[in-house]
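Here the structure is laid out as structure tokens; the discussion comes afterwards.
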Amino acid sequence: MRIPDWIVLFAVLGIVLWALFSGARDKADAPEAPPVEMYGDTGGLLPQAQAFDEEILVQIGDAADGMGTAFAIDQKGLWMTARHVVDSCENVGLLYGGGRVMPVNEITTSEDSDIAILRTQSAPKSLHISTSENLRLNQAGFHIGYPQGQPGEVSSRLLSRSRLITRGRYRNEEPVLAWAEMGRTRGLKGTLAGISGGPVFDNHGNIVGVTVAESPRRGRIYTAAPESLGRVLSGTPVADEGSNDFSLGTGTYGREADRLRRELSVVKVICQADTTR
């Protein structure tokens, strides 16, 4: 008995739709994976900071309400973020499930880097920070946070060291790492403002920096250098949580980013500015 053509057509269509949507479900929140050759092989070790490193000038505006990203570094209630996200705030809160806000009780800002430590009553599962300086040129980086106030992430590769010169609300000069943007959350266009203070991971799940600035026209992202992280952590009573038990890749970092936000290891920072300064 011959099977009608319309039954065959619907069967084929069903298979095609199943394949499309099952794959989309796996990568629903992940950017399209860039070709492997875009990353290339990792190069030599990242050189130490030099006097002739590229200089990046960032102008910090007047105090204003804003938002950024923070991540838990100790379950007793310690979080790390970027200094410029919170340094002019009268009130700071961490936004978590259901629109609730956890108040920040204490803010400690670094005097020589764009890093700040926040203290709350408690924190969920914390993340381990690597202060190793054995980074390699061209290695992958994955920046997680709340760009434009929405959940989002960016993939990058490590280019070089730079020197970040901050002017405006405060003045500072510090070594930073320069990353070339390679991919981002589907639908995320324009500025990454709001991802400042978020962690950048290598593909082994190690936190190797804190996102502090971007250059949209050049496709560059800048993160606090390992030596800056080391100095801040040396003066902070952080319990050693060991290594992070996950890895990231160009096809999986979106899902891992969603998990970290869902587990409240990475949260949105809300700043109510002190405009009297």
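Listed values, structure above:
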read-out: Options Thr185, Thr166: the member that is of a type in the set (Ser, Thr, Tyr) and either open to solvent by 40 Å² or more (accessible area, probe 1.4 Å) or over 29 Å from Asp62 (Cβ atoms) (or both); value: Thr185
read-out: Residue among Ser130, Ser88 that is in contact with a Lys or Arg (Cβ under 7 Å, 6 or more places away or on another chain) and over 19 Å from Glu181 (Cα atoms); value: Ser88
read-out: Of the criteria (1) modelled with pLDDT of 85 or more; (2) open to solvent by less than 20 Å² (accessible area, probe 1.4 Å), which one Ala273 fails; value: (1)
read-out: Those residues of the range 41-60 which are open to solvent by 40 Å² or more (accessible area, probe 1.4 Å) and either within 26 Å of Gln272 (Cα to Cα) or modelled with pLDDT under 75 (or both), in sequence order; value: Asp41, Thr42, Leu57, Gln59
read-out: Pick from the range 61-92, criterion crowded, with 18+ Cβ neighbours inside 10 Å and of a type in the set (D, E, K, R), ranking: nearest to Leu159 (Cα to Cα); value: Arg83
read-out: Given (1) modelled with pLDDT under 95; (2) within 30 Å of Gly187 (Cα to Cα); (3) of a type outside the set (Gly, Ala, Ser), index of the condition Thr69 fails; value: (1)
read-out: Of all residues making up the range 241-255, the number that are outside any loop (DSSP other than H, G, I, E, B) and either free of Cβ contacts under 8 Å to residues at least 12 places away in the same chain or over 19 Å from Met182 (Cβ atoms) (or both); value: 0
read-out: Enumerated strands (runs of 3 or more DSSP E) restricted to the range 112-174, each holding at least 1 residues that are over 27 Å from Asp74 (Cβ atoms); value: 152-168
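The values are calculated or read from the model by the stated rules, or taken from the named source; none is laboratory data. Fair warning: this is a prediction, and the values are worked out from it, not measured in the lab. For neighbour counting, all protein chains shown are included, and Cβ atoms are generated from backbone atoms with ideal geometry for every residue, glycine included. Please note that ligands, DNA and RNA were not included when accessible areas were found on the heavy atoms of the full protein model with its side chains. Shrake-Rupley method; radii C 1.70, N 1.55, O 1.52, S 1.80 Å.
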